[in-house]
Amino acid sequence: MLTRRLLLASAAAIAFAAPAFAQDKLNVIASFSILGDIVQNVGGDRVEVTTLVGPDGDAHVFQPAPADAQAVAGADVIVANGLGFEGWMDRLVEASGTKAAIITASEGVTPIAFGEEGHDHGHAEGEAHDHDHEHAEGEAHDHDHAKEEAGHDHGHEGHDHGAEDPHAWQSVINVALYVGNIERGLAAADPDGAETYAANAAAYLAELDALDSEIKAAIAALPENRRTIVTSHDAFGYFAAAYGLTFVAPQGVSTEAEASAQDVAALISQIRDAGIAAVFVENIADPRLLDQIATETGAKIGGTLYSDALSGPEGPAGTYLTMMRHNIGQLTGALSQ
Amino acid sequence: MSWLIDPFADFAFMQRALLGCLAISLGATPVGVFLLLRRMSLTGDAMAHAILPGAAVGYLVAGLNLGAMTIGGVAAGLVVAVLTGAVARFTALREDASLAAFYLISLALGVLLVSLKGSNVDLMHVLFGTVLALDDAALTLLCAISTVTLVALALVYRPLVLECADPRFLRSVSGWSGPVHFLFLGLVVLNLVAGFQALGTLMAVGIMILPAAAARFWATSIGGMLAVAACVAAISSVAGLLASYHAGLPSGPAIILAAGTFYLLSLVFGPSGSLAARFWPRAHLEA
């Protein structure tokens with residue numbers, strides 16, 4: 001089904017691709033919104049950036065449409081995150097028959113294993129309990145696993161990732177590597193612009209550097225005992241490793257419509273026993289239940305964290321820099337006393 | 001015994017859930033018994049559906065706001081009750097048919113409103129309350145409705161019993177028949193709204209009707225049925241909450257299924273009018 005759509009799309013793309021080459025700007029495709037923003041900062045006026053997975057979109061479950069294959073076919077450069085984040089990218093590139101250069105932005109990043117942070121921690125806590133938390137623990141793990149499977153379903157067909165966490169951009173240090181890779185890639189595709197790209201990259205790196213110090217300062221200002229967070233996001237491994245916060249996967253919460261008393265009790269015990277200061281759990285959809293958990297444990301309930309995609313331009317996380325500042329604001333807001 | 005005590009001793013939300021359920025058990029089950037005796041058991045179900053648009057409007061106006069959803073639900077329920085009664089009294093259509101007509105209109109309106117306006121909110125929140133998330137305001141409301149119900153039932157107990165036994169007799173000797181009927185429908189609506197805060201619209205009817213139906217197999221007097229029904233509801237609440245805690249079941253359905261289990265056991269083994277009483281009559285029951 002998908003293949004047929006892609007074939008049709010690429011047929012259409014070949015027919016319509018020609019005008020794209022006529023533009024004087026470099027046509028760059030970025031796989032998702034965060035990467036698109038970084039590419040735009042490095043490329044400046046010399047590039048026309050198109051993102052395949054737009055703001056608020058989920059790259060894990062993205063289904064390329066004919067228009068995407070058309071865009072890819074007409075591109076000069078394609079920038080992908082790599083680390084298995086875009087499982088659909090290889091097939092899309094192949095099906096579109098594009099001759100574009102492909103930049104893997106995460107090249108050189110030291111990968112970390114998926115979700116190791118939350119799991120290790122959860123185990124240590126679970127064994128200290130006097131209730132039957134082994135059971136709840138097991139369920140939390142199953143759930144995590146199931147979520148990974150579901151999230152990456154589309155990647156499995158043509159791709160064999162799974163162990164590595166692709167969300168490397170959650171560490172600003174890694175994004176500096178992204179910028180270097182993108183700068184070199186753009187310069188190779190457009191040698192005339194090499195100087196511009198180098199200058200843009202240097203300016204952006206300075207901003208990243210400032211952001212990095214800002215995050216470190218914000219976290220350093222937090223009391224030592226208020227640096228653990230329960231969150232259902234599995235995208236903050238690099239952030240945790242780089243900045244010294246601990247992210248713990250919530251126990252129990254797997255149902256959206258009706259929580260069981262066991263789920264709620266497991267989460268409350270976890271928050272109490274591990275001294276968790278804030279909870280960012282977006283898959284407990286019922287705000288009344290979250291309020292109840294907050295009153296009972298004294299933990300603060302956090303707002304929205306952006307992990308895989310930017311918000312729209314009007315939103316609180318329109319660019320990579322504002323996204324990171326928004327997240328750190330949310331985190332420190334909930335963690336400071 | 002720790003499996004029985006610990007969940008409630010360790011967690012405030014379990015205590016709140018228990019208190020809320022006990023309040024509903026006391027208030028809603030007498031209403032259920034009278035519904036059963038007046039052969040109006042399905043009226044409860046119909047009214048629960050009729051409440052939906054009011055709660056939906058409250059939800060759309062003020063979000064998950066207890067006051068707005070309660071007022072909306074009560075208003076929608078009362079409008080349907082009054083319209084139904086008026087149509088039954090002044091036209092050729094009987095009460096059951098006119099109730100069916102109005103509740104279906106009301107339900108459709110509710111679903112329409114929720115789908116139109118609530119594209120990014122979860123309909124589940126409106127349909128399924130959760131007994132695990134009762135805050136102070138919700139608990140106060142549940143206890144207040146329960147108290148009002150008990151006082152009101154005590155005041156109109158006599159005419160209500162007469163209306164169950166022989167409605168034409170009551171109508172012939174006093175003018176109380178009409179007012180008592182509407183007051184009773186009002187209590188049904190109030191208790192359904194209370195139950196829907198805790199258990200959701202669809203489950204609220206269960207805690208009202210199932211204990212009453214189970215009580216029918218244990219007691220022959222109205223007083224006896226009221227007592228048994230309240231006990232069945234209270235025990236089902238505790239059992240359901242414990243099942244939800246120990247086995248990880250959703251709390252609302254667990255409570256209703258506990259009451260359902262009571263009903264099925266009573267149906268088979270109850271001393272009065274059950275299968276056991278009919279097919280294996282014991283000596284003292286034949287007397």
inquiry  = Checking the condition more than 14 Å from chain A (Cβ to nearest Cβ), part of a helix (DSSP H, G or I) and either of a type in the set (Asp, Glu) or surrounded by fewer than 18 Cβ atoms within 10 Å (Cβ to Cβ) (or both), which residue from B:Val33, B:Val111, B:Val87, B:Val74 passes?
reply    = B:Val111
message = For the range A:284-311: of the residues being touching a Gly at 6+ places or on another chain (Cβ under 7 Å) and surrounded by fewer than 21 Cβ atoms within 10 Å (Cβ to Cβ), which is farthest from A:Phe85 (Cα to Cα)?
response = A:Ser311
query = Looking only at the range B:151-166, which residues are surrounded by fewer than 15 Cβ atoms within 10 Å (Cβ to Cβ) and either in contact (Cβ under 8 Å) with a residue 60 or more places away in the chain or outside any helix (DSSP H, G or I) (or both)?
reply = B:Asp166
message = Being within 23 Å of the chain's Cα centre (by Cα) and among the hydrophobic types (A, V, I, L, M, F, W, C) is true for just one of A:Ala188, A:Ala194, A:Ala206. Which residue is that?
response = A:Ala206
ask   = Which members of the range A:58-107 meet the condition of being aliphatic (A, V, I, L, M), in contact with a helix residue (DSSP H, G or I) (Cβ under 7 Å, 6 or more places away or on another chain) and more than 24 Å from A:Gly43 (Cα to Cα)?
value = A:Val61, A:Ala95
inquiry  = Just checking: which of the helices (runs of 4 or more DSSP H) contained wholly in the range B:185-287 hold 1 or more residues that are more than 13 Å from chain A (Cβ to nearest Cβ), within 30 Å of B:Gly63 (Cβ to Cβ) and modelled with pLDDT of 90 or more?
reply    = B:201-215
message = Tell me the residue from B:Leu139, B:Leu127 that is at pLDDT 80 or above and within 14 Å of chain A (Cβ to nearest Cβ), please.
response = B:Leu139
key: Top-ranked residue of the range A:68-97 - restricted to ones that are polar (S, T, N, Q) and either surrounded by 24 or more Cβ atoms within 10 Å (Cβ to Cβ) or touching a His at 6+ places or on another chain (Cβ under 9 Å) (or both), ranked as farthest from A:Val39 (Cα to Cα)   = A:Ser96
query = Considering B:Ile222, B:Ile235, B:Ile256, which residue is of a type in the set (Val, Ile, Thr) and under 13 Å from the mean Cα position of the chain (by Cα)?
reply = B:Ile256
ask   = Of all residues in the range B:1-30, how many are touching a residue at least 24 places away in the same chain (Cβ under 8 Å), facing chain A (nearest Cβ under 10 Å) and of a type in the set (Gly, Ala, Ser)?
value = 1
inquiry  = Among the residues of the range A:31-43, are any at pLDDT below 90, surrounded by 23 or more Cβ atoms within 10 Å (Cβ to Cβ) and part of a helix (DSSP H, G or I)?
reply    = no
request  = Among the numbered conditions (1) buried (at least 18 other Cβ atoms within 10 Å of the Cβ); (2) touching a residue at least 60 places away in the same chain (Cβ under 8 Å); (3) away from every other protein chain (no Cβ under 14 Å), tell me where B:Tyr103 comes up short.
outcome  = (2)
key: Residue among A:Leu305, A:Leu335 that is in contact with an Asp or Glu (Cβ under 9 Å, 6 or more places away or on another chain) and either aliphatic (A, V, I, L, M) or modelled with pLDDT of 85 or more (or both)   = A:Leu305
remark   = Flagged in the range A:193-229 as of a type in the set (Asp, Glu) and buried (at least 18 other Cβ atoms within 10 Å of the Cβ), in numbering order, are A:Asp212
message = Would you confirm, using the coordinates I've provided, whether A:Ala278 is crowded, with 17+ Cβ neighbours inside 10 Å, in contact (Cβ under 8 Å) with a residue 40 or more places away in the chain, more than 14 Å from every other protein chain (Cβ to nearest Cβ) and closer than 30 Å to A:Ser31 by Cα?
response = no
query = Only one of A:Ala217, A:Ala201, A:Ala265, A:Ala187 is in a helix (DSSP H, G or I) and within 14 Å of chain B (Cβ to nearest Cβ); which?
reply = A:Ala265
message = Looking at the range B:39-47, can you tell me whether even one residue there is assigned to a helix (DSSP H, G or I), surrounded by fewer than 24 Cβ atoms within 10 Å (Cβ to Cβ) and within 12 Å of another protein chain (Cβ to nearest Cβ)?
response = no
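The values are calculated or read from the model by the stated rules, or taken from the named source; none is laboratory data. In this text, all values refer to a predicted model and were calculated from it rather than measured experimentally. Neighbour counts are summed over all protein chains in view; Cβ atoms, including those assigned to glycine, are modelled from backbone coordinates with ideal geometry.
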